[in-house]
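A short reminder: the numbers here are calculations on the coordinates, not readings from a lab. On a predicted model such as this, the values are computed, not experimentally measured, just so you know. Positions of Cβ are backbone-derived with ideal geometry, glycine not excepted, and every protein chain shown enters the neighbour counts.
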Amino acid sequence: MAKTIPYKLIFFFMVGLFFLFMVVRTSLSGPPTTPRPSDVERSLRELPPTKGPDERMTEPSGGPFIVGNGIVEPKDREIQVAGEVSGRIARYLVEEGQQVEAGAVLVELESSAERAALAAAEADVEAKKAELSRVAKGLRAEDVDAVVAEGEAAKARAELSSGTLERTEKLAKGGGATVDELDRARRQAAIDARSADAAEARRKAALAGSRQEDVLVARAALLGAQARRDQAKAAVDRLQVKAPIAGEILWVKFRGGEYYNTQGAFPLLVMGNTQQLRVRMDADERDVGKLRIGAPAYATLNAFPGEKFAGKVVEIGRRMGRKNIRTDDPAERIDTKILEVVVELAEKDRLVPGLRVLVFVEVERPATASARSL
């Protein structure tokens, strides 16, 4: 009977053949870094230069320049206007491109509950004002006359009761009045005398006016009502977003009915003073020593090919930092340090904030040998 070959032996035999094949193939393929002829031919092709804000920075003819990428911005930069509190947007009162004055209301958040609280607080203030006026002025002339008349009537009743008591006492001595009648006369005389004293006290108080303590209490109540009114008004004002400066509305993010969150990533709108445009340029650290305030400069951009937008350097940064503007140039260095330079442009009608430009700042020519000898 013939012996059968085990399956494990067949499996290991096939694995060995596979590894032997791979070793032979690797040894015959040559070094892995050797490029193929087709790859070499493809790498030698020249591609046309791309047009865009990432064009290579080249120094133009006519003089030494500092060249750097920049971005157009409003005077004093853009302002991202945010609200003090979160809430549903009731309405926008402005639109993109609109010029506004400082303090103008830009956005209103939903404020129906806060306005109702303000109306109630204002009504409370008016009530407290009337109370203070009443306390400070005291009783009216008619009320004072009535109090005086009541006092005189009480005094007359007291005199009448006193006379009745005297006559009753005389009659009681002669047996003409009983002990009970004498007792009632004495009690009535005492009651009328106390009523006369109370009426006299009210008369003096009416003539003297309100007490100082009552006036102070009423005035304090008015101050408290005014404070609550101011608090309610501040709550309403917080739901109105106002313009911090005079400028142009550049970007509106939300729409009426949407919910705005102060912790979100976007502001309610962006605005800036576009009456004067500037370019914030990244100057390489190698050119820091050549910069100067007032140096002539110009900017170019692909939106207006062949045009130069003149300007001058108005601000030089005081601290080195990282690049603000990145291009699509694969050869660009992103680890270099830059210094921010602000160039004020003469043109403002055709440019808009956010445009990327290429800035050329003129450098002073070095003095010649003959000029230095003089």
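Find how much the distance from K308 to F18 grows on full extension, using 0.36 nm per residue of separation minus their present alpha carbon separation; answer in nm with one decimal.
97.6 nm is the gain from fully extending K308 to F18.
Using +1 at the C-beta of Lys and Arg and -1 at the C-beta of Asp and Glu, which of A218, Q275, N302 has the Cα lying farthest in the positive direction of the dipole of segment 193-303?
A218
Taking neighbour counts of Cβ atoms within 10 Å as a proxy for exposure, in what order, fewest first, do I316, I71 appear?
I316, I71
Beyond 30 Å between alpha-carbons counts as too far, so tell me which of K129/K204; K129/K233; K173/K204; K290/K323; K253/K323 fall in that bin.
In this structure, K173/K204 exceed 30 Å between Cα atoms.
Taking just the C-alpha trace of segment 123-231, give me its Rg and Dmax in Å.
Rg, Dmax (Cα atoms, Å): 23.1, 80.
Below 8 Å, C-alpha to C-alpha, sequence gap of six or more: please give me the relative contact order for segment 123-231 in percent.
Relative contact order of segment 123-231: 47 percent.
Count the net charge of all other residues whose Cβ sits under 11 Å from the Cβ of Q276, scoring Lys and Arg as +1 and Asp and Glu as -1.
-1
Starting with the highest mean, order 277-290, 107-120, 236-249 by the number of other Cβ atoms within 10 Å, averaged over the residues of each peptide.
Listed from highest to lowest mean packing, they are 277-290, 236-249, 107-120.
Calculate, for R319 and A227, the FRET efficiency according to 1/(1 + (r/R0)^6) with r their C-beta to C-beta distance and R0 51 Å; round to the nearest 0.05.
Approximately 0.65, to the nearest 0.05.
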